[in-house]
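Accompanying notes for the structure given below.
The values are calculated or read from the model by the stated rules, or taken from the named source; none is laboratory data. What you see is a predicted model; the values in this text were computed from it and never measured. Heads up, the Cβs are rebuilt from the backbone with ideal geometry, glycines too, and the neighbour counts pull from every protein chain shown.
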Amino acid sequence: MTRRDANWLIARAAATAGAASFLAPWLAANESHRHTVAPPDPHDWNSYRPKFFSAEEFQWLDAFTAILIPTDDTPGAREAKVASFIDFVVNAAAEFAPEVQGHWRDAMSWLRSAGFGTLAAEQQLALVTAAGAPEFDHTATHPGFAAYQLIKELTVRAFYTSRVGLVDVLEYQGIAYLTAFPACTHPEHHSV
């Protein structure tokens, strides 16, 4: 899946019949946006139930995305509810690109065959690292590389388009402009 494919997939998912109920909380939050502070996320993500993935696969996806974008001094994929977003997009793909669901079924089959759900956290990390090795070493191969790429691409898109990724991590403050341009206060930058 390329970046363009991921963007197309997300855009098409937003236009599906089920998108309104999934995206309504974000739309309502935008109505009170004051351009200086990001609105709170009003959605109760703890009650989200997957529509495409089984409960077990959803747990695997959540663990996999948390390995890709872990929580450290900033929020990670879990806080951004990336697995929920991916489930929404993949479920919505049935209306316009059913082959996408086939790719995700293949990815979940690979996770199942690798025993991902039964592994300890350190072993899951090692498996994800090994599956992603061909990304950094073009001579390396791994049977899970296609699944790794698929999950990683949509994880990155989901995270950096979420409120957590965009506002809390990247510190995006909306369309804002500076009313003044303060000069640099470092004396060493004042000489030409």
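Which residues, counting only those in the range 67-77, are closer than 20 Å to GLN149 by Cα and over 9 Å from the mean Cα position of the chain (by Cα)?
Selection gives ILE67, LEU68, PRO70, GLY76.
Would you mind finding the one in VAL100, VAL156 that is buried (at least 19 other Cβ atoms within 10 Å of the Cβ) and either assigned to a helix (DSSP H, G or I) or touching a residue at least 12 places away in the same chain (Cβ under 8 Å) (or both)?
VAL100
Does PRO182 count as over 18 Å from ALA77 (Cα atoms), at pLDDT below 90 and surrounded by fewer than 16 Cβ atoms within 10 Å (Cβ to Cβ)?
Considered against the rule, which asks whether it is over 18 Å from ALA77 (Cα atoms), at pLDDT below 90 and surrounded by fewer than 16 Cβ atoms within 10 Å (Cβ to Cβ), PRO182 comes out as yes.
Here are some conditions: (1) crowded, with 20+ Cβ neighbours inside 10 Å; (2) in a loop (DSSP other than H, G, I, E, B). ALA140 meets all but one. Which one does it not meet?
The single condition ALA140 does not satisfy is (1).
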